[in-house]
Ligand code: SF4
Ligand code: SF4
């Protein structure tokens, strides 16, 4: 992947917005990878959690917003619970999802749930998925 | 003892076995669970961005109503309800801006004409007065596990049980303050008090895939397989848990797991309250054993625990 690293990107509005929404200091992350090591969904992700944080640190907006990873976080807080720097990636992922959705309102909504699944899935799964993947 | 009880949406529809065994088991222990009147959904997941303050209103509305009922504690068994209620309460306690804004929303609620006029004028700010406790904590702290083992009608001796915590009960540890996030004991101590043999295995605190079960089912299938397979390989007869979504992933998903992982052998998954109800001699009809995808009845019959 080719990416432009510049102070313009690093100090961009995007970076500020991620920090504001997530309440996390992106530069606190020193890329040890402990978050990714414990993540139960890491196998399905295209970039692993610490890489997503790195891209966000560098202000590489398109790269991180187009990753599958932000839609695959299950908010299980394993990464946060083990991070030596107290960085909560689940909050960063939620902030990135909000920015990615922009005005599009819905990434995963009721239309995407097959009828048989909707009939048998627990209510809390439906409510959670819509809360995480739509605005 | 009377205790205010918040069941949550899933317990009234998909997992009535969890609701009914909780109530029946509590009753056997002399605890009357009083369901919170007119409760609403807790919102399921705790909002993780600073701007989603409105998403904290459902939780606080519930806790406000508990306070209005004159209670200072509320108990629940669903790990999602427990987590989101507890975290929202913490936010109200520690964040003055959230406290002010959420109370403004709640006060607005009361202006809806259907509401009783009295409550409009008597609105009192909610400042985190109610304590949210998981039913496992009630068993540990109010009943006491030693005391519990004296009240058993059936000992579950010989039943090899793998406890499963999942994500929401334990994490984030600073907010949940439930148990040691890496080496929890509460489920183990509970199961031992029933006479079960506790099976230790490495994935008991890993996530089952949660709500990805809908949006990325293959990820949930793989994550659930890892947990179940580890429990089976370590010699468990069954898995015990508290959360209806974990239950859905670990029980219902065994169909997909079986199709994808050929060497997998199925294992029954039960709610901790079903085991408790069995041990306390609650009638078989209340256990709801017919609601499981992997039928636990043959195993429980073999152990002479149900008829
Ligand atoms: S564990 Fe924390 S410090 Fe380490 S890479 Fe992950 S977020 Fe960064
Ligand atoms: S919260 Fe998300 S990124 Fe973190 S460990 Fe869980 S699934 Fe992985």
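Just so it is clear, none of the values below were taken in a lab; they were calculated from the coordinates. The structure displayed is predicted, hence computed values, not measured ones. Please note: Cβ atoms are built from the backbone with ideal geometry, for glycine as well, and neighbour counts cover all protein chains shown.
Among the residues of region B:33-43, is there at least one that is outside any strand (DSSP E or B), within 24 Å of residue A:88 (Cα to Cα) and in contact (Cβ under 8 Å) with a residue 24 or more places away in the chain?
Within region B:33-43, one or more residues are outside any strand (DSSP E or B), within 24 Å of residue A:88 (Cα to Cα) and in contact (Cβ under 8 Å) with a residue 24 or more places away in the chain.
May I ask you to list pairs of residues, at least six apart or on different chains, whose Cβ atoms are under 6 Å apart, with the first in region A:30-48 being farther than 23 Å from residue B:204 by Cα and the second being outside any loop (DSSP other than H, G, I, E, B) and more than 9 Å from ligand 2 (Cβ to nearest atom)?
Qualifying pairs under 6 Å: A:31/A:50.
Exactly one of (1) in a loop (DSSP other than H, G, I, E, B); (2) free of Cβ contacts under 8 Å to residues at least 24 places away in the same chain is unmet by residue B:14. Its number?
Every condition holds for residue B:14 apart from (2).
Looking at region A:17-46 only, could you name the residues that are buried (at least 19 other Cβ atoms within 10 Å of the Cβ), assigned to a loop (DSSP other than H, G, I, E, B) and more than 7 Å from ligand 1 (Cβ to nearest atom)?
Of everything in region A:17-46, those that are buried (at least 19 other Cβ atoms within 10 Å of the Cβ), assigned to a loop (DSSP other than H, G, I, E, B) and more than 7 Å from ligand 1 (Cβ to nearest atom) turn out to be A:24, A:39, A:40, A:41, A:45.
Could you name every one of the helices (runs of 4 or more DSSP H) located completely within region A:54-131 that has at least 1 residues being within 16 Å of ligand 2 (Cβ to nearest atom) and within 12 Å of chain B (Cβ to nearest Cβ)?
A:69-72, A:78-82, A:89-101
Does residue A:75 satisfy the condition of being away from ligand 1 (no atom under 14 Å from the Cβ) and within 25 Å of residue A:8 (Cβ to Cβ)?
Judged against the criteria, residue A:75 is not a match.
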